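The values are calculated or read from the model by the stated rules, or taken from the named source; none is laboratory data. None of the values given here were measured: they were computed from a predicted structure. Here the Cβ positions follow ideal geometry from the backbone for every residue, glycine too, while neighbour counts run over all protein chains shown.
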Amino acid sequence: MNRQLRFRFSLRMLLLAMLVLGLFLGWYGREWDRLRRQRAIATQFQSRGGYVAYDPKLPAPNQKNSPGQPLSRVAGRMLFGEDAFAHIDTVWLKDSKPGDFELFINLPQLKGLLLKQPPDDCLEQLVRNRKLESLDLQHFRLNRARFELLQRLQHLNTLSLTGNEVDDEALESLALLHQLKTLMLDGTNLTSQGLRRVAELEHLQRLYVSASKTIDDRAIGELKPLKNLRTLSLVGTSTTSAALEHIGDMKELRTLDLSHTPLTDSGFENLAESQLAELTVFGTAVGSQSLPQIAKMRSLRRLDLGGRNSPLTNSDLAPLAKLTELRNLSISTNGITEEALTHLSSLRNLRSLYLNSKAISKAAAVRLQSDLPHCTISGSDVAGSYELPAPQPSPDEPN
């Protein structure tokens, strides 16, 4: 009786072991086949100067054997290699070809694509990758019909059309992409009519329309309906100080870049009560009239001033002493001397300071750092470039 029971027990264990082994071998075969195909695709793209990124990220060479890694990750690398359990989630291609789009289908976790000069019919293929979240199309002409195709990508939240032939008419169907959170239209030919369509994207948080001379104050006024906008880049547009009144109505805005625009030294009273955390006005005429208003933006953490023709002088920097929460400050102008540094010595929360002035020596920067021990100071003087690492670690950063 006992012998018969042991036999039944042994048979059951054998069948169970065979089942477990079969499941393991099946899983192993599928994973190995997936990695084989994925590696072939990665090799092909990389051989053409492309780039692929993985999720989770592959370990750096100095981290492969670091302690504290999950046992599953270590075991996976032993079985399959460094890319075990990793999926290609982003692809950058400089010379996309029609055959590439069939390969994309074999990357089921693909979420980001950057394509340069893609073929005209690429969107018909791309919309088959329903998990796409980020799409960057370079040197590609978009029209209304192609925007309507993009509507099928229901997870698409980031779209870059920088430098493309995109005009107001093409954007008639942009509102169909209602889920967009980031839109890059740098170097396009949009006007106020086109930005009126952009303003229909109620979930938009980041907008970049730099290097577009057709973007003026009237066009900025069309963006008022974007109640969730947090980042706005207007670098190199025709925006003047008159646009600051419209920008002041964007209550959620946290990052604003007005570099290389025809701003005059006025209008910043419209932003004095804003919640801006980052402001860049490099390459503008911002000076003595505007800095007292900028100094009222007590939430500022990053400020970039100056430029080749900047009117800034030593005394103009005095209001900056009120920006006690400032973390990063960049000043580029030969109009200031070492005397101006007295206005910066009280900014004890600074972590990064860049000084580009031939009249401010490295020795003066060293003296300033004695008042700002947690700040890394870099810059350029008559002797060349320098960098002074912070002598003490920041108290608000982990050791």
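Applying a threshold of 8 Å to beta carbon distances and a minimum spacing of six or more residues, or different chains, the list of pairs starting in region 337-362 at a residue that is of a type in the set (Val, Ile, Thr) and ending at one that is in a strand (DSSP E or B) and surrounded by 17 or more Cβ atoms within 10 Å (Cβ to Cβ) reads 360/379; 360/381.
Within region 77-110, the only residue that satisfies the criterion of being assigned to a helix (DSSP H, G or I), exposed (fewer than 13 other Cβ atoms within 10 Å of the Cβ) and not aliphatic (A, V, I, L, M) is 102. Looking only at region 311-340, which residues are in a helix (DSSP H, G or I), of a type in the set (A, V, I, L, M, F, W, C) and closer than 20 Å to residue 370 by Cβ? Matches in region 311-340: 317, 320, 321, 340.
If I filter region 189-206 for residues that are in contact with a Gly (Cβ under 7 Å, 6 or more places away or on another chain) and touching a residue at least 24 places away in the same chain (Cβ under 8 Å), do I get at least one hit? Scanning region 189-206 turns up no residue that is in contact with a Gly (Cβ under 7 Å, 6 or more places away or on another chain) and touching a residue at least 24 places away in the same chain (Cβ under 8 Å).
Condition first: assigned to a loop (DSSP other than H, G, I, E, B), out of contact with any strand residue (DSSP E or B) (no Cβ under 8 Å at 6 or more places or on another chain) and under 18 Å from residue 230 (Cα atoms). Now tell me which residues in region 259-275 satisfy that. 272, 273, 274, 275, listed by residue number. Which members of region 117-134 meet the condition of being within 12 Å of residue 164 (Cβ to Cβ) and crowded, with 17+ Cβ neighbours inside 10 Å? Selection gives 118 alone.
Every residue, every condition in (1) modelled with pLDDT under 85; (2) surrounded by 10 or more Cβ atoms within 10 Å (Cβ to Cβ), yes or no:
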| site | (1), (2) |
| --- | --- |
| 13 | yes, yes |
| 18 | yes, yes |
| 37 | no, yes |
| 44 | no, yes |
| 51 | no, yes |
| 54 | no, yes |
| 67 | yes, no |
| 73 | yes, yes |
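Checked against the criterion of being touching a strand residue (DSSP E or B) at 6+ places or on another chain (Cβ under 6 Å), over 30 Å from residue 214 (Cα atoms) and modelled with pLDDT of 85 or more, the candidates 114, 103, 107, 126 yield just one match: 107.
Could you say whether any residue in region 171-194 is within 22 Å of residue 127 (Cβ to Cβ) and among the small types (Gly, Ala, Ser)? Yes, that holds for at least one residue. Every test in (1) closer than 22 Å to residue 287 by Cβ; (2) at pLDDT 95 or above is passed by residue 346 save one, and that test is (2). Based on what the data block shows, is residue 213 of a type in the set (D, E, K, R) and closer than 21 Å to residue 274 by Cβ? Answer is no for this residue. Do we find that residue 321 is of a type in the set (A, V, I, L, M), closer than 17 Å to residue 288 by Cα and surrounded by fewer than 17 Cβ atoms within 10 Å (Cβ to Cβ) in this structure? Yes; evaluated as a whole, the condition is true for this residue.
Would you mention how many residues in region 111-128 are part of a loop (DSSP other than H, G, I, E, B) and over 17 Å from residue 154 (Cβ atoms)?
Of the residues in that region, 5 qualify.
Residue 279 meets the stated requirement of being at pLDDT 95 or above, touching a strand residue (DSSP E or B) at 6+ places or on another chain (Cβ under 6 Å), buried (at least 21 other Cβ atoms within 10 Å of the Cβ) and over 25 Å from residue 384 (Cα atoms).
Scanning region 341-395 for residues that are assigned to a helix (DSSP H, G or I) and closer than 17 Å to residue 326 by Cα yields 341, 342, 343, 368, 369.
Considered as a group, the residues in region 168-197 that are surrounded by 17 or more Cβ atoms within 10 Å (Cβ to Cβ) and acidic (Asp, Glu) include one that is nearest to residue 236 (Cα to Cα), and that residue is 186.
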